[in-house]
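Input: a single structure, listed below in structure tokens.
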Amino acid sequence: MTTPDIASTTALEPKTKLSGKVLKTTLAGALVDVGQTIPGVIHISQLSNEPINKVEDVVKEGQTIDVWVRRVKRDRIELTMIEPLALEWKEIEPDMIVKGKVVRLEAYGAFVDIGAERPGMVHVSELAHGYVKTPNEIVKEGDEVEAKVLDVNRKKKQIKLSMKALEPEIEEFKPAKKEIKKSGRHAPKKETVEDTQQQEAKEAELTVMQIAWQEALNKANEDRAYKVKRAKSNVSQEQEDLLERTMKKRLPTGG
């Protein structure tokens, strides 16, 4: 038994587009010559997106058709006439970079056809850095854009995209006057060793002056107290002398 030569078919990848000639039609599908050593086979379900009753309603023997590779097996190449998606759900992952065409604009964002079953949506906040009021400020229908996948929900069949994630972030503009304000008189002064030494010398000088001033006050208070005490002592002595002289005058003297 001759084993089919599949060496030339190993290079065929899924989604590869081929052109072939219909060799035979059956109830289940069609046999197609795609120029390989093994035949190509199209199942009836792969002839059209719409349901069909007969293979002959879509293709006929001898007709040349465009097909895509679904998978390569040892004895046949399974084909489809339904153009495959550029991106299957299982192939879409966060952080992927994708390209597509803007197909619809809404107030909340833009829808981009990236070749998946459904368009991805770029929210208005993900269109560009800074405030964007409406999507048409940034894009228009038909624009070719590049975006990054933020999230994919296969169950809900939703794809969230971002265009600003691929753009460099704009640094906030800082006016020169703000820098001047930082370094102006209101800015805290950096203390140096010299400043510290000067401050310590001032404090030491102030302390010496305070001590000298206090000593002068104490001496002045002592002098004042001594003079008052001495004055009181002189008054008392004068009073005693006056009293003694008075008594001598009044007392009788013997003789």
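The values are calculated or read from the model by the stated rules, or taken from the named source; none is laboratory data. Fair warning: this is a prediction, and the values are worked out from it, not measured in the lab. Note: ideal-geometry Cβ built from the backbone for every residue, glycine included; neighbour counts use all protein chains shown. Accessible surface areas use protein heavy atoms only, side chains included; no ligands, DNA or RNA. Shrake-Rupley method; radii C 1.70, N 1.55, O 1.52, S 1.80 Å.
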(message) Below 8 Å, C-alpha to C-alpha, sequence gap of six or more: please give me the relative contact order for region 52-114 in percent.
(response) 18 percent
(request) Give a residue-ordered list of calculated ³J(HN,Hα) values for region 109-119 (Karplus: 6.51 cos²θ - 1.76 cosθ + 1.60, θ = phi - 60°; whole Hz; x for Gly, Pro). (result) x, 10, 9, 10, 7, 9, x, 9, 4, 10, x
(message) Just the number please: accessible area per residue for region 1-145, 1.4 Å probe, all protein chains included, in Å².
(response) 61 Å²
(request) Express in Å², to the nearest 10, the accessible area of residue 118 obtained by rolling a 1.4 Å probe over the protein heavy atoms while all chains stay in place. (result) 110 Å²
(message) At a threshold of 8 angstrom on Cα-Cα distance, excluding pairs fewer than six apart, so keeping six or more, what relative contact order does region 1-154 reach in percent?
(response) 19 percent
(message) Can you compute the modelled spin-label distance between residue 101 and residue 28, with each label point 7 Å from Cα toward Cβ, in nm?
(response) 3.8 nm
(request) Mind grabbing the accessible area of residue 101 for me, 1.4 Å probe, Å², rounded to tens? (result) 90 Å²
(request) Count charges around residue 101 for me, please; just the other residues with Cβ under 9 Å from its Cβ, Lys/Arg as +1, Asp/Glu as -1. (result) -3
(request) Give 73/157; 21/54; 101/157; 15/73; 90/155; 90/156 a once-over and call out the pairs whose C-alpha atoms are over 20 Å from each other. (result) 73/157
(request) Tell me the label-point distance for the pair residue 68, residue 242, using the 7 Å Cα-to-Cβ offset, in nm and rounded to one decimal. (result) 13.7 nm
(request) Within the set of other residues whose C-beta is less than 14 Å from the C-beta of residue 156, count the net charge using Lys and Arg as +1 and Asp and Glu as -1. (result) +3
(request) Per residue, how big is the convex hull around the C-alpha atoms of region 68-127? Give it to me in cubic angstrom, could you? (result) 99 Å³
(message) Considering just Cα atoms, how many Å³ per residue does the convex hull of region 1-110 enclose?
(response) 159 Å³
(request) Take the alpha-carbon centre of region 128-161, take the same for region 51-96, and report the distance between them in whole Å. (result) 29 Å
(request) Would you work out the charge dipole size for region 1-141 about its Cα centre, treating the Cβ of every Lys and Arg as +1 and the Cβ of every Asp and Glu as -1, and quote it to the nearest 20 debye? (result) 240 debye
(request) Against the globular-protein guess of 2.2 N^0.38 Å, express the Cα radius of gyration of region 43-94 as a ratio, rounded to two decimals. (result) 1.37
